[in-house]
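The values are calculated or read from the model by the stated rules, or taken from the named source; none is laboratory data. Every value quoted in this text rests on a predicted model; they were computed, and no experiment measured them. Using ideal geometry, Cβ is built from the backbone for each residue, glycine included, and neighbour counts are taken over all protein chains shown.
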Amino acid sequence: METINFIDLTWTSTLILFLVGFVGGMVSGFIGSGGAFVLTPAMMSMGVPGVVAVASNMAHKFPKALVGAHKRHKYGQVDIKLGIVMGIFAEAGVLFGKHVMVDIREAFGAAGTNLYVSAVFVVVLGIVGGFVLRDALRERRGEAAKTSQTKELTPLVRWVRSIEIPGTMLYFKSMDARVSFLILAPLGFATGLLAATIAVGGFIGVPAMMYILGLPALTASATELVIAFVMGLGGSLFYALDGFVDIRLSMIILAGSLFGIQIGAIGTTYVKDYVVKFVMAAIMLLVLVSRFFYIPGYLSELGAIETLEPGTRGWLDGIGEGALVFALLFGALMILQALYKGMQEHRLAVAAAAPALGPTPVTEGVGAQLSPVGRFERFLVASDGSEFSGAAVREAIGMATKCGAQVHVMSLVAPGVEHEALGESILKQELEMAQSHLDGIKAQADAAGVACETHLVQGNQIHEEIVDLADRVKADVIIMGRRGRRGLARLMLGHATAQVIGQAHCNVLVVPRAAQVEGRHIVLATDGSRFADTAAVTAGALARVCKTPVTVVSVTTDEQSQEVRVETARTVDRVVALMRSDGTTVEGKVLHGEPASAITGVAQESQADLIVTGSHGRTGLERVLIGSTSERILNDTQCAVLVVKAA
Amino acid sequence: MSASSSAGRSSRALVITLVLGAASASLYVLLFFFSDRLTELARLTREGDKLYALVPLAVAVVFSFIHGAFTGHFWDLLGLRAKK
């Protein structure tokens with residue numbers, strides 16, 4: 001077997017690899033497809049053997065796919081079961097593809113694998129590039145393919161789902177249908193085989209899931225990440241075991257590509273779909289031309305054709321190299337130009353629209369309250385479209401109807417590295433989906449007669465974006481959902497919710513899925529601190545407005561001294577007297593035991609629909625910020641909890 | 001948004017980006033420093049020491065997470081955002 005020689009790393013080759021990675025990343029972020037179809041040929045043009053180029057490209061893709069799959073899973077876009085089943089068959093495809101590659105290498109040497117990889121590139125890019133170009137031309141003429149947009153299943157999908165092979169049927173949530181794994185086997189296998197051959201499996205996986213299994217584009221793209229991770233990890237390991245992974249090249253390419261991906265992905269949001277497809281088709285066809293001109297050289301090395309004159313070989317390779325460089329530069333220029341032009345237009349449009357937008361009006365109702373502590377004029381509700389945030393949206397609109405408050409609804413889209421590994425422009429789809437979700441909430445609010453503004457926010461730190469927007473819209477209360485009730489405390493409350501409570505400058509209402517705030521009964525938890533006093537003022541204001549009875553609860557513990565216990569009882573009496581003077585029906589309770597369970601117990605007994613509690617300062621760890629008792633209450637109770645921030 | 005909270009947020013974002021950038025740069029310095037050793041490990045894997053195959057995989061995971069987090073924060077800091 002011919003020995004494998006990794007290329008020498010010089011400053012020039014490092015810089016070229018970085019730039020190739022950057023442009024490749026930008027292109028792949030823009031066209032939403034694995035960048036390996038640019039990166040693998042580029043590495044081969046630099047003298048890297050085909051098998052090493054494929055292996056090294058696989059090695060930097062699987063961790064990105066893992067990050068992406070994890071994030072998409074949190075948004076509920078991934079069908080893990082389908083991803084794993086397809087991934088296992090893809091793994092078999094990878095193993096088979098890798099054996100083919102190694103066998104060719106052993107039989108024909110590096111020229112054999114180079115020829116094999118190049119020939120597969122020419123065929124695959126010819127087919128895929130041709131389809132993409134046809135789609136782009138159709139869309140430009142206004143004949144966009146509607147199949148992926150409509151919910152109606154195509155005859156092929158209906159047929160695939162109607163096949164019943166006893167003992168092989170598996171149910172998939174994303175399709176809400178049972179499909180035989182014997183149907184999935186060839187799809188997964190082909191995806192893996194292509195990935196092991198040219199390091200791009202998404203060309204088969206994503207279209208197969210969309211057009212054969214009938215998955216929505218976003219779910220198909222997100223599920224592809226699970227497949228990409230499973231087969232990428234396995235493929236990288238198989239290749240690494242044979243010493244084919246040049247991790248130095250992988251990591252330099254990765255350095256550049258991670259910078260480029262986000263530019264490309266964001267660029268898609270500024271241009272029309274057909275422009276993205278034109279660029280994609282142009283690059284694919286240019287890479288095809290590039291690989292095509294290398295083929296005579298490889299055939300000559302193998303002796304399949306007459307030996308080429310050095311001049312002729314140099315001339316052909318030069319055209320191949322030139323076409324590739326042109327493809328990369330063309331892609332980069334098109335994307336940067338589209339991004340620049342789009343951003344300029346967007347800026348002008350925003351500037352033109354600005355004078356039309358007046359200051360946020362203060363609505364009537366409870367309004368015109370001077371104290372920020374008990375003011376309920378503007379709500380900010382964070383919604384991710386899940387059932388958990390659905391309760392928050394429902395209560396926000398319900399409470400706004402009663403209080404005459406204005407509701408701001410926000411949804412967050414977090415751009416990330418996974419945009420490289422997808423078959424469709426996921427960022428654009430995701431923005432459209434989030435906007436349509438916000439539009440749905442706005443329609444609900446409009447129907448209820450509530451003033452509503454929507455905010456589509458982009459960022460990586462959810463809690464920071466929520467707190468930031470709450471400050472900008474001068475929200476009085478942030479309303480958020482809460483995840484399930486079992487498990488570790490931090491997980492139950494939800495990391496983002498805990499951080500928002502810790503860092504917000506206004507009050508935060510946490511609404512569990514089943515909770516309904518109807519103004520039945522309020523439980524005020526107090527420990528006599530100044531934070532609890534602020535909570536008492538807020539609870540008092542709410543009780544007055546909603547004419548709701550209140551139970552003031554304080555809990556003493558074994559560790560506390562007698563003086564503290566006496567002081568606790570006095571605190572409760574003081575708060576009760578204050579509320580009673582405002583005409584509120586109120587009773588006080590001093591209990592002994594574990595504070596959180598005692599408070600949630602009172603809430604349950606009195607059938608309270610709201611617990612009001614104070615919160616500590618604004619810096620440090622969120623557990624300290626919220627206070628351990630408040631956090632336990634938030635986790636344990638089934639009713640809504642209003643965490644009042646100290647003024 | 002109050003000016004102080006905005007400034008605080010920006011400086012926090014800057015610090016996170018700089019820390020991740022420094023971590024990422026350190027990883028790449030190490031990569032170049034041990035460049036020959038990595039090539040040697042690939043050769044040893046080919047010759048039968050299969051356990052060394054795990055090295056490139058571990059490197060890929062660590063670099064992806066650190067450098068990926070850095071580039072994400074980098075563009076966010078520069079204000080490169082998608083059109084809504």
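Restricting attention to segment A:475-486, does a residue exist that is more than 14 Å from residue A:389 (Cβ to Cβ), of a type outside the set (Asp, Glu) and modelled with pLDDT under 80? Within segment A:475-486, one or more residues are more than 14 Å from residue A:389 (Cβ to Cβ), of a type outside the set (Asp, Glu) and modelled with pLDDT under 80.
Residues of segment A:3-31 being crowded, with 21+ Cβ neighbours inside 10 Å and outside any helix (DSSP H, G or I), which ones? So that I can check it myself, show each step before the final result.
Here is the first cut: in segment A:3-31, the ones crowded, with 21+ Cβ neighbours inside 10 Å are A:6, A:17, A:20-31.
Within segment A:3-31, just A:6 meets the criteria.
Comparison of A:528, A:540 shows that the only residue that is under 25 Å from residue A:477 (Cβ atoms) and at pLDDT below 80 is A:528. Name the single residue, out of those in segment A:233-246 being facing chain B (nearest Cβ under 8 Å) and either within 28 Å of the chain's Cα centre (by Cα) or over 22 Å from residue A:100 (Cα atoms) (or both), that is surrounded by the most Cβ atoms within 10 Å (Cβ to Cβ). So, considering only residues that are facing chain B (nearest Cβ under 8 Å) and either within 28 Å of the chain's Cα centre (by Cα) or over 22 Å from residue A:100 (Cα atoms) (or both), the one surrounded by the most Cβ atoms within 10 Å (Cβ to Cβ) is A:236. Scanning segment B:47-84 for residues that are surrounded by 14 or more Cβ atoms within 10 Å (Cβ to Cβ) and among the small types (Gly, Ala, Ser) gives B:53, B:60, B:64, B:68, B:69, B:72, B:82.
Filter segment A:92-104 down to the residues that are surrounded by 16 or more Cβ atoms within 10 Å (Cβ to Cβ) and under 21 Å from residue A:37 (Cβ atoms) and list them by number.
Looking only at segment A:92-104, we keep the residues that are surrounded by 16 or more Cβ atoms within 10 Å (Cβ to Cβ), and these are A:92-95, A:97-98, A:101-102, A:104.
Of everything in segment A:92-104, those that are surrounded by 16 or more Cβ atoms within 10 Å (Cβ to Cβ) and under 21 Å from residue A:37 (Cβ atoms) turn out to be A:93, A:94, A:97, A:98, A:101, A:104.
Being in contact (Cβ under 8 Å) with a residue 40 or more places away in the chain and among the charged types (D, E, K, R) holds for only one residue in A:527, A:558, A:573, and it is A:527. The set of residues in segment A:155-172 being loosely packed, with under 12 Cβ neighbours inside 10 Å and not β-branched (Val, Ile, Thr) consists of A:155, A:159, A:162, A:164, A:166, A:167, A:171. Considering (1) modelled with pLDDT under 90; (2) more than 27 Å from the chain's Cα centre (by Cα), the lone condition that residue A:152 does not fulfil carries the number (2). Taken together, A:206, A:230, A:200 contain a single residue that is assigned to a helix (DSSP H, G or I) and either within 11 Å of another protein chain (Cβ to nearest Cβ) or within 20 Å of residue A:38 (Cβ to Cβ) (or both), which is A:206.
Would you check if there is a residue in segment A:209-217 being under 30 Å from residue A:343 (Cβ atoms), in the same structural domain as residue A:99 (by TED's automatic domain parsing) and either among the aliphatic types (A, V, I, L, M) or crowded, with 22+ Cβ neighbours inside 10 Å (or both)? Walk me through it before giving the result.
The first filter runs over segment A:209-217 and keeps only residues under 30 Å from residue A:343 (Cβ atoms), leaving A:216-217.
The next check asks that each one be in the same structural domain as residue A:99 (by TED's automatic domain parsing); those that pass are A:216-217.
Cutting the leftovers down to either among the aliphatic types (A, V, I, L, M) or crowded, with 22+ Cβ neighbours inside 10 Å (or both) gives us A:217.
Yes: segment A:209-217 contains one or more residues that are under 30 Å from residue A:343 (Cβ atoms), in the same structural domain as residue A:99 (by TED's automatic domain parsing) and either among the aliphatic types (A, V, I, L, M) or crowded, with 22+ Cβ neighbours inside 10 Å (or both).
Among the residues making up segment B:43-80, those that are outside any helix (DSSP H, G or I) and more than 7 Å from chain A (Cβ to nearest Cβ) are B:47, B:48, B:49, B:79.
Here's the yes/no breakdown for (1) touching a helix residue (DSSP H, G or I) at 6+ places or on another chain (Cβ under 7 Å); (2) modelled with pLDDT under 80; (3) polar (S, T, N, Q); (4) surrounded by 24 or more Cβ atoms within 10 Å (Cβ to Cβ):
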| residue | (1), (2), (3), (4) |
| --- | --- |
| A:253 | yes, no, no, yes |
| A:265 | yes, yes, no, yes |
| A:276 | yes, yes, no, yes |
| A:289 | yes, no, no, no |
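Do any helices (runs of 4 or more DSSP H) entirely within segment A:43-126 hold 1 or more residues that are in contact (Cβ under 8 Å) with a residue 12 or more places away in the chain and of a type in the set (Ser, Thr, Tyr), and if so, which?
A:50-59
For the list (1) at pLDDT 85 or above; (2) in a helix (DSSP H, G or I); (3) within 27 Å of the chain's Cα centre (by Cα); (4) not basic (Lys, Arg), I need the number of the one condition that residue A:211 fails. So residue A:211 meets the others, but not (1).
Just wondering, is there one or more residues in segment A:241-258 that are in contact with a Gly (Cβ under 9 Å, 6 or more places away or on another chain), not basic (Lys, Arg) and not in a helix (DSSP H, G or I)? There is no residue in segment A:241-258 that is in contact with a Gly (Cβ under 9 Å, 6 or more places away or on another chain), not basic (Lys, Arg) and not in a helix (DSSP H, G or I).
Results for (1) among the acidic types (Asp, Glu); (2) without any contact (Cβ under 8 Å) to a residue 60 or more places away in the chain; (3) in a helix (DSSP H, G or I); (4) under 29 Å from residue A:291 (Cβ atoms), shown as yes or no for each residue.
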residue	(1), (2), (3), (4)
A:159	no, yes, yes, no
A:167	no, yes, no, no
A:183	no, yes, yes, no
A:193	no, no, yes, yes
A:219	no, no, yes, no
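Evaluation of residue A:270 against the conditions (1) more than 9 Å from chain B (Cβ to nearest Cβ); (2) over 30 Å from residue A:5 (Cβ atoms); (3) surrounded by fewer than 23 Cβ atoms within 10 Å (Cβ to Cβ); (4) not hydrophobic (A, V, I, L, M, F, W, C) shows that the sole unmet condition is (1).
Going through segment A:268-315 one residue at a time, which ones are under 26 Å from residue A:329 (Cβ atoms) and assigned to a loop (DSSP other than H, G, I, E, B)? Matches in segment A:268-315: A:269, A:270, A:271, A:272.
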